[in-house]
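*Asks:* One structure follows; several queries about it will come next.
The values are calculated or read from the model by the stated rules, or taken from the named source; none is laboratory data. Treat the numbers as computed from the prediction; the structure is a model and nothing was measured. We place every Cβ from the backbone using ideal geometry, glycine too, and count neighbours over all the protein chains shown.
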Amino acid sequence: MQLVSNSYAPLKRVLMHCPGDEIRTITKQSASHFNFASSVNLKRFQYQYDCFLKVLRACKVEPVLIGEVLKDDKEAQTYIAKRPNMIYTRDLAVTIGKGIILMGMQAKGRKWDTWLVRKVAEKLRIPILGDIGPDGILEGGGVEFITDKTLVVGFCDRTNEMALEKIRKFTLGLQIEELVVVMLPEGVIHIDGFFLPVDKNIVIAHRAYLNQYPCAIYRKGKKPGYTWFMDYLEEKKFDIIEITYEEGCKCAANYIQVAPRKLVGYEGNKRVEKEVARRGGEVITFPGSELIKGKGGPHCMTCPLERS
């Protein structure tokens, strides 16, 4: 059974974590250590997360909650109690084909969080195809399918060469026929704030950030080729919904794809919503004014486990 083979097929199960009292560890002094913009109002934060869960369930998506899967694991519960970034499950793993690849975390606030995903995968009997860490650094927000056979990886502040070598080893020649490595500007931690597939031939993209440096294209048994990522997308005949930097900061490329041309995301990106609708799609929104203080969006808070 193929668990995940692209980014836009109907989403069936997704790994998530409901924020609890661990969010209280985010203070004015500690916020930057966990990549939060500021401390948050816990009740409002949880309310907005609950709104997100309700939207997903209405879309026939089953949230698989880490806290529930590991509720009888005291060691895991003790660990979660002081890990406020657990809400961002996307970074911890990538499901490709029939199993999961565990990522390698760069930020100290996230080191060893993949340990929990390993526990969840073992409990759910999902095969682990490989582990990027501990020497490789690559987070799930930097990895995305472009098509069924093509994977894009952002070479950003949270990526190293060892991780790129490992992801090629784990994917090329198996399900993936083409791996595109996009080098991003300094200061960018993941590609998922600036690039998002909407369907097999539609993407959301921020041109300036994606085209600042050339990208590398890897194919099994061949030498890498080099081009510009936006040129690559245009040559492949993708319909590109371009966004501005300001829209990117409001998570206009950080939706979770629940079906082809059907996205779920924060309120506040009307122009992008209209562009998706003009192409026969739909964007379902929920309030995110408090959640966005964690510098992440719906894409960051979801790690797909199964698409149909």
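*Asks:* Is it true that ASN35 is at pLDDT below 95 and in contact with a helix residue (DSSP H, G or I) (Cβ under 8 Å, 6 or more places away or on another chain)?
*Replies:* yes
*Asks:* Are any of the residues in the range 260-268 among the small types (Gly, Ala, Ser), surrounded by fewer than 21 Cβ atoms within 10 Å (Cβ to Cβ), touching a helix residue (DSSP H, G or I) at 6+ places or on another chain (Cβ under 9 Å) and touching a residue at least 24 places away in the same chain (Cβ under 8 Å)?
*Replies:* So far as the range 260-268 goes, no, none of its residues is among the small types (Gly, Ala, Ser), surrounded by fewer than 21 Cβ atoms within 10 Å (Cβ to Cβ), touching a helix residue (DSSP H, G or I) at 6+ places or on another chain (Cβ under 9 Å) and touching a residue at least 24 places away in the same chain (Cβ under 8 Å).
*Asks:* Check ALA9 against each of (1) over 30 Å from GLN175 (Cβ atoms); (2) part of a loop (DSSP other than H, G, I, E, B) and name the one condition it does not meet.
*Replies:* Tallying (1) over 30 Å from GLN175 (Cβ atoms); (2) part of a loop (DSSP other than H, G, I, E, B), ALA9 fails exactly one: (1).
*Asks:* OK, next. Out of the range 26-38, which residues are in contact (Cβ under 8 Å) with a residue 40 or more places away in the chain and buried (at least 16 other Cβ atoms within 10 Å of the Cβ)?
*Replies:* Across the range 26-38, the qualifying residues are ILE26, PHE34, ASN35, PHE36.
*Asks:* Next question. Can you name the residue in the range 142-197 that is surrounded by 21 or more Cβ atoms within 10 Å (Cβ to Cβ) and of a type in the set (Asp, Glu) and is also nearest to PRO298 (Cα to Cα) among such residues?
*Replies:* Filtering the range 142-197 for residues that are surrounded by 21 or more Cβ atoms within 10 Å (Cβ to Cβ) and of a type in the set (Asp, Glu), the one nearest to PRO298 (Cα to Cα) comes out as ASP192.
*Asks:* Also, quick follow-up: Considering the range 119-141 alone, what residues qualify as being outside any strand (DSSP E or B), free of Cβ contacts under 8 Å to residues at least 60 places away in the same chain and crowded, with 24+ Cβ neighbours inside 10 Å?
*Replies:* ILE132, GLU139, listed by residue number.
*Asks:* Do we have any residue at all in the range 78-92 that's closer than 17 Å to ALA121 by Cα, among the polar types (S, T, N, Q) and more than 16 Å from the chain's Cα centre (by Cα)?
*Replies:* no
*Asks:* Exactly one condition in (1) in contact with a strand residue (DSSP E or B) (Cβ under 6 Å, 6 or more places away or on another chain); (2) at pLDDT 95 or above is not met by LEU3; state its number.
*Replies:* Result: LEU3 fails condition (2) only.
*Asks:* What's the number of the condition TYR218 fails, among (1) crowded, with 19+ Cβ neighbours inside 10 Å; (2) within 22 Å of GLY133 (Cα to Cα); (3) within 20 Å of the chain's Cα centre (by Cα)?
*Replies:* Here TYR218 clears every test but (3).
Here's the yes/no breakdown for (1) touching a strand residue (DSSP E or B) at 6+ places or on another chain (Cβ under 8 Å); (2) in a loop (DSSP other than H, G, I, E, B); (3) without any contact (Cβ under 8 Å) to a residue 40 or more places away in the chain:
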| site | (1), (2), (3) |
| --- | --- |
| TYR226 | yes, no, yes |
| LYS237 | no, yes, yes |
| GLY248 | no, no, no |
| GLU275 | yes, no, yes |
| GLY288 | yes, yes, no |
| GLU306 | yes, no, no |
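*Asks:* Scan the range 162-204 for residues that are in a helix (DSSP H, G or I) and either in contact with a strand residue (DSSP E or B) (Cβ under 9 Å, 6 or more places away or on another chain) or farther than 17 Å from ILE137 by Cβ (or both) and report the count. Quick ask: steps written out before the conclusion?
*Replies:* The initial filter retains those residues of the range 162-204 that are in a helix (DSSP H, G or I), namely 162-171, 191-193.
So of that shortlist, the ones also either in contact with a strand residue (DSSP E or B) (Cβ under 9 Å, 6 or more places away or on another chain) or farther than 17 Å from ILE137 by Cβ (or both) come out as 162-164, 166-171, 191-193.
So the answer is 12.
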